[in-house]
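Report on one structure; see the data block that follows.
Laboratory data are not the source of any read-out in this text; all were calculated from the coordinates shown. Since the structure is predicted, the reported quantities are computational estimates derived from the model, not experimental observations. No Cβ is skipped: glycine too gets one built from the backbone with ideal geometry, and neighbour counts run over all protein chains shown.
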Amino acid sequence: MRLDVYLIETGFFSSRGRAKKAISEGHVKVDGNVTTKSSREVSEFNEIEVDEGLDKPRGYFKLRNIQEKFDLIKEGDRVLDLGSSAGGFLMFACELGANVVGIEYSRHFRSELGRLAYENPNITIIFDDVFTMPTSKIPGSPFDVLLTDMTLEPEASIEALGKVLPLLKKGGMIFQVIKLGRGRNKKHLVENIKSLGIEVLEVLDSAQREFYVVAKKT
């Protein structure tokens with residue numbers, strides 16, 4: 001059996017993509033030796049070792065890095081997460097002891113997010129369109145922290161932020177991921193965010209086609 005498939009079958013990873021990534025980055029050993037080939041044939045007779053903490057969505061590590069720098073989320077905080085997708089932000093905020101409400105449009109993530117909510121009583125998931133749903137349907141306000149990482153055009157992402165901003169308490173913290181296509185003006189987008197009544201504390205570049213905004217509601 002291929003190594004990447006074996007890692008899923010034996011419960012090390014929940015998706016083939018994450019298994020392949022862990023292998024290619026050198027986090028998997030077969031019989032004591034690091035291997036970077038997902039196609040390597042293995043069986044139950046091989047000793048497989050995997051570094052801990054890798055079966056998590058990319059968003060988990062993204063938010064963890066921001067938390068280490070800015071200490072956005074405190075234990076007991078009420079957090080709203082727009083665009084929960086695979087649940088990375090939800091997982092990390094939950095581990096910090098926050099009460100998190102996630103809004104996700106795509107039913108593709110229903111299984112993963114449903115499992116997260118079932119296993120963690122401080123996570124609530126709403127499957128809906130943030131642009132059309134009434135904000136009164138979102139429980140838990142006022143929120144202490146607003147997280148948003150949506151696969152949208154930058155202007156639409158900022159529009160979504162503006163819609164839920166009244167649910168964030170004054171002085172509440174914001175972490176927004178903006179997807180940046182070719183030729184887009186980052187400075188102009190940041191000014192659009194500021195125009196919502198937000199104090200931008202930091203703008204961070206990313207290796208991906210996106211940038212991060214850490215801000216506070218004034």
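Between Lys170, Lys179, Lys187, the Gaussian network model of the chain with springs among Cα atoms under 10 angstrom shows the greatest mean-square fluctuation at Lys187. On the basis of the beta-carbon distance and an R0 of 30 Å, Glu155 and Arg107 show a calculated FRET efficiency of 0.75. Taking the empirical scaling 2.2 N^0.38 Å for compact globular proteins as reference, the range 110-210 has a Cα radius of gyration ratio of 1.17.
Our summary gives the range 3-50 a relative contact order of 37 percent, counting only alpha carbon pairs under 8 angstrom and 6 or more residues apart.
The label-point distance for Lys186 and Asp128, in a model that sets each label 7 Å from Cα toward Cβ, rounds to 3.5 nm. Between helix 154-164 and the chain there is an angle of about 70 degrees, using the helix long axis and the longest principal axis of the Cα atoms. For the listed residue pairs Lys69/Lys137; Lys29/Lys56; Lys137/Lys187, the alpha carbons are over 28 angstrom apart in Lys69/Lys137; Lys137/Lys187. Between the labelled values (i) 17.9, 54; (ii) 20.5, 78; (iii) 19.1, 61, the entry that holds Rg and Dmax of the Cα atoms in Å as derived from this structure is (iii). Axis angle, to the nearest 10 degrees, between helix 110-119 and the longest C-alpha principal axis of the chain: 90 degrees.
Evaluate the Kirkwood expression for the hydrodynamic radius of the range 3-50, namely the inverse of the mean inverse distance over all pairs of different C-alpha atoms, and round to one decimal in Å.
Details: mean 1/r = 0.0975 Å⁻¹.
Roughly 10.3 Å, rounded to one decimal.
Between the range 141-218 and the range 73-109, what's the alpha-carbon centroid distance in Å? The distance from the Cα centre of the range 141-218 to that of the range 73-109 comes to 16 Å.
Over the chain, DSSP H runs of length four or greater, each weighted -39,500 (n - 2.57), average out per residue to a 222 nm ellipticity of -9000 deg cm²/dmol.
Between the residues Gln67, Tyr105, Cys94, the greatest Cα displacement towards the positive end of the dipole of the chain, with unit charges on the Cβ of Lys, Arg, Asp and Glu, is found for Tyr105.
Residues considered: Asn120, Asn65, Asn33. Largest GNM mean-square fluctuation over the chain, using C-alpha springs under 10 Å, is found at Asn33.
Counting only DSSP beta bridges with both residues in the chain, tell me the antiparallel percent, nearest 5. Working shown, then result.
On the way: 20 of 40 bridges.
For the chain, the DSSP antiparallel bridge percentage is about 50.
Taking Cα atoms only, the orientation of helix 58-70 departs from the longest principal axis of the chain by about 60 degrees. For the options Gln176, Gln67, Gln208, a Gaussian network treatment of the chain with springs between C-alpha atoms closer than 10 Å singles out Gln208 as fluctuating the most. Of the residues Asn46, Ser141, Ser24, the one whose Cα sits farthest toward the positive end of the charge dipole of the chain, with +1 on the Cβ of Lys and Arg and -1 on the Cβ of Asp and Glu, is Ser141.
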